[in-house]
1. Quick one: A:S205 ticks every box in (1) free of Cβ contacts under 8 Å to residues at least 12 places away in the same chain; (2) surrounded by fewer than 15 Cβ atoms within 10 Å (Cβ to Cβ) except a single one, so which number is it?
2. Restricting to segment B:5-36, name every residue that is out of contact with any strand residue (DSSP E or B) (no Cβ under 6 Å at 6 or more places or on another chain) and farther than 30 Å from B:Q176 by Cβ.
3. Looking at the structure I just gave you, is B:Q145 more than 14 Å from every other protein chain (Cβ to nearest Cβ), crowded, with 16+ Cβ neighbours inside 10 Å and not in a loop (DSSP other than H, G, I, E, B)?
4. Please work out which one of (1) part of a helix (DSSP H, G or I); (2) surrounded by 24 or more Cβ atoms within 10 Å (Cβ to Cβ) is the condition B:Y78 fails and give its number.
5. For the subset of segment A:114-130 comprising residues that are within 14 Å of another protein chain (Cβ to nearest Cβ) and either on the phi > 0 side of the Ramachandran plot or not charged (D, E, K, R) (or both), which member is nearest to the chain's Cα centre (by Cα)?
6. Report, by residue number, each residue of segment B:198-220 that is among the hydrophobic types (A, V, I, L, M, F, W, C) and either more than 14 Å from B:R19 (Cα to Cα) or under 12 Å from the mean Cα position of the chain (by Cα) (or both).
7. Return yes when B:S53 is outside any strand (DSSP E or B), away from chain A (no Cβ under 11 Å) and not charged (D, E, K, R) and no when it is not.
8. Quick check on my filter: what residues within segment A:17-42 are of a type in the set (A, V, I, L, M), touching a residue at least 24 places away in the same chain (Cβ under 8 Å) and under 18 Å from A:L137 (Cβ atoms)?
Amino acid sequence: MNSTLLIARKDLRSYFTSPIAYIIVAIFLLLVGWMFVNLFSFFVQSNSQYASLNMGSKPTLSENVLRPLFGNMNVILLFIAPFITMRLLAEERKDHTVELLLTAPLKPISIVMGKFLAGFGLLLVIVGATLVYPLILQFIGKPDWGVIFGCYLGMIFICATYVAIGLFWSSRTENQVVAAVLTFGTLLFFWLISWAAHRAGPVWSDVLNHLSLIGHFSNFAQGIVDTTDVVYYLSFTGFALFATNLSVEAS
Amino acid sequence: MIEVKELTKTYGQRTAIDRVTFSVKKGEILGFLGPNGAGKSTTMKILSGFLPSTTGEASINGYDVRKNVVEVKASIGYLPENPPVYGSMPVQDYLEFAARLHLVPKHKVKAAVADAMAKCNISDVKNRLIGNLSKGYRQRVGLAQAIAHNPPVLILDEPTVGLDPKQIMEIRTLIQSLGGDHTVILSTHILPEVQATCSRVVVIDKGRVVAADTLAGIQKRMQTNLRLVLTLRKDPGFLLPKLKNINGITAATIGDKNAAGEHTLTVECAQGSDLRSDVAELCVSQNLGLLGLAQESLSLEDAFVKLITTEETAAERH
């Protein structure tokens with residue numbers, strides 16, 4: 001446990017001693033900010049249209065700002081998570097520093113968990129920084145904090161899953177670019193896996209829908225915490241970490 | 001302290017080490033000597049628990065390197081071929097991280113690291129990023145990492161690579177001072193290093209142990225011959241049959257004339273017989289104009305080359 005935290009702290013610090021973390025945080029916040037501004041101004045526009053024309057349903061902050069914002073945030077995370085996780089083990093291998101970790105008196109799982117916590121921690125910092133947008137909404141309107149809470153809880157689970165998958169690929173190669181590309185491919189595949197659902201048989205369509213990384217987020221986005229979704233993300237994360245542990249033990 | 005029995009590691013078809021067997025007693029400094037690619041690093045990686053062996057056993061401090069991995073790792077300090085240092089970390093932070101990974105209690109870390117830095121002479125760069133240091137400094141940071149947690153066993157893979165001559169002297173002195181309290185295995189392909197630091201030598205070539213003995217023992221074993229080199233004014237050709245009649249002379253050869261037109265005669269004597277005066281008297285009595293006589297004993301360098309070449313010829317015969 002102690003060495004896990006030691007490794008996590010070392011890696012988290014090394015994110016911030018290189019420009020990587022700052023660049024990723026900056027780009028993420030810039031993109032999310034841009035989306036927030038546009039979604040919000042569009043909301044204001046459609047709200048005034050609704051008031052003057054009395055057409056359609058009344059737009060709400062949850063439906064028209066928060067939900068699309070978090071949906072978009074998910075897409076951006078899909079792109080940036082591989083860049084965060086790619087170095088975790090690949091770099092150690094390339095620089096031979098993995099020999100220090102693997103000849104220290106600790107179990108491989110400590111290394112895996114330490115690395116996982118470092119990447120997860122950085123993603124949480126990045127996602128946590130977006131709390132500023134719900135707070136802005138709080139100043140000018142009445143956002144549904146149940147929905148906000150659900151969205152953030154969902155984000156935490158999704159971040160854990162992304163990092164675990166990225167960590168696995170980072171353990172398989174000493175080339176960071178290879179690790180990033182494989183991570184991105186895997187994430188995108190599980191994101192789009194439900195596309196085939198409508199052509200599969202009744203059983204398979206259920207299975208494919210259930211495997212979809214994004215499908216499980218929709219409940220969270222409505223402020224609903226369903227154990228099915230929690231179990232899905234946790235088991236995905238757990239499986240990826242287990243595979244990483246095997247891969248580290250074998251090296 | 002360290003027992004290695006029939007250790008073998010194969011990568012597919014290629015055998016990196018083949019039934020390597022040796023042992024190191026507590027407090028000893030063992031030199032692991034061999035040319036590049038002989039299997040030194042592979043053996044050390046297995047001992048450190050970094051690589052699994054294919055077959056064979058090894059134990060450190062009584063712990064089996066395969067079964068009691070964590071205990072083995074806790075009792076060693078390991079400096080791999082490439083020092084495992086993080087370029088983006090300052091020296092002191094790195095050493096503290098490494099020491100804590102090796103279970104040094106939190107309140108003792110600062111003192112342990114300061115001590116290791118003083119021993120390796122790197123206190124002056126403790127706040128610099130390792131990535132900005134020269135190879136010699138990085139190597140010493142790696143060494144400090146290996147000794148910071150004061151392990152009973154030290155495994156040092158080519159510890160003086162990349163150092164300048166003065167630093168080499170310092171590190172050798174440091175390693176010598178570590179013997180006694182620590183058991184040290186140190187690999188090298190440089191002979192003077194073994195002569196300067198080690199009490200025992202294991203010579204390895206092409207994955208096999210070709211000799212394991214004390215320094216003196218290896219030199220002695222190789223000294224089947226004592227060699228006398230004579231410089232003469234006249235051609236000693238006619239002397240050869242006579243020389244061969246002297247008891248104790250195993251061979252006599254005439255070398256090329258040197259630039260000054262002097263002849264050289266090389267006489268090899270069996271071990272334990274001092275025939276200098278006999279040979280000199282013979283030459284004088286034959287009026288050959290004896291200009292010089294020198295005695296050569298085979299150095300460890302010769303012994304090393306000889307061990308490997310005899311091994312080679314033995315392998316060719318198979």
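The values are calculated or read from the model by the stated rules, or taken from the named source; none is laboratory data. Note that this is a predicted model, so its numbers are computed, not measured. A quick note on method: Cβ atoms are made from the backbone with ideal geometry, for glycine too, and the neighbour counts reach across all protein chains shown.
1. It fails just one condition, (2).
2. Within segment B:5-36, B:T10, B:Y11, B:G12, B:Q13, B:R14, B:T15 qualify.
3. Numbers: more than 14 Å from every other protein chain (Cβ to nearest Cβ): no; crowded, with 16+ Cβ neighbours inside 10 Å: yes; not in a loop (DSSP other than H, G, I, E, B): yes.
So B:Q145 does not fit the description; no.
4. The single condition B:Y78 does not satisfy is (1).
5. First pass over segment A:114-130, keeping only residues within 14 Å of another protein chain (Cβ to nearest Cβ): A:114-115, A:118.
Filter once more, keeping what is either on the phi > 0 side of the Ramachandran plot or not charged (D, E, K, R) (or both): A:114, A:118.
On the way: A:G114: 18, A:A118: 14 Å.
Ranking the qualifying residues of segment A:114-130, first place goes to A:A118.
6. Residues of segment B:198-220 that are among the hydrophobic types (A, V, I, L, M, F, W, C), as a first pass: B:198, B:201-204, B:209-212, B:215-216, B:218.
Result: B:C198, B:V201, B:V202, B:V203, B:I204, B:A211, B:A212, B:L215, B:A216, B:I218.
7. Values: outside any strand (DSSP E or B): yes; away from chain A (no Cβ under 11 Å): yes; not charged (D, E, K, R): yes.
In short, yes.
8. In the first step, residues of segment A:17-42 are kept if they are of a type in the set (A, V, I, L, M); the result is A:20-21, A:23-27, A:29-32, A:35, A:37, A:39.
From what is left, the residues that are touching a residue at least 24 places away in the same chain (Cβ under 8 Å) are A:20-21, A:24-25, A:27, A:29, A:31-32, A:35, A:39.
If the condition is that a residue be of a type in the set (A, V, I, L, M), touching a residue at least 24 places away in the same chain (Cβ under 8 Å) and under 18 Å from A:L137 (Cβ atoms), then A:L29, A:V32, A:M35, A:L39 are the ones that fit.
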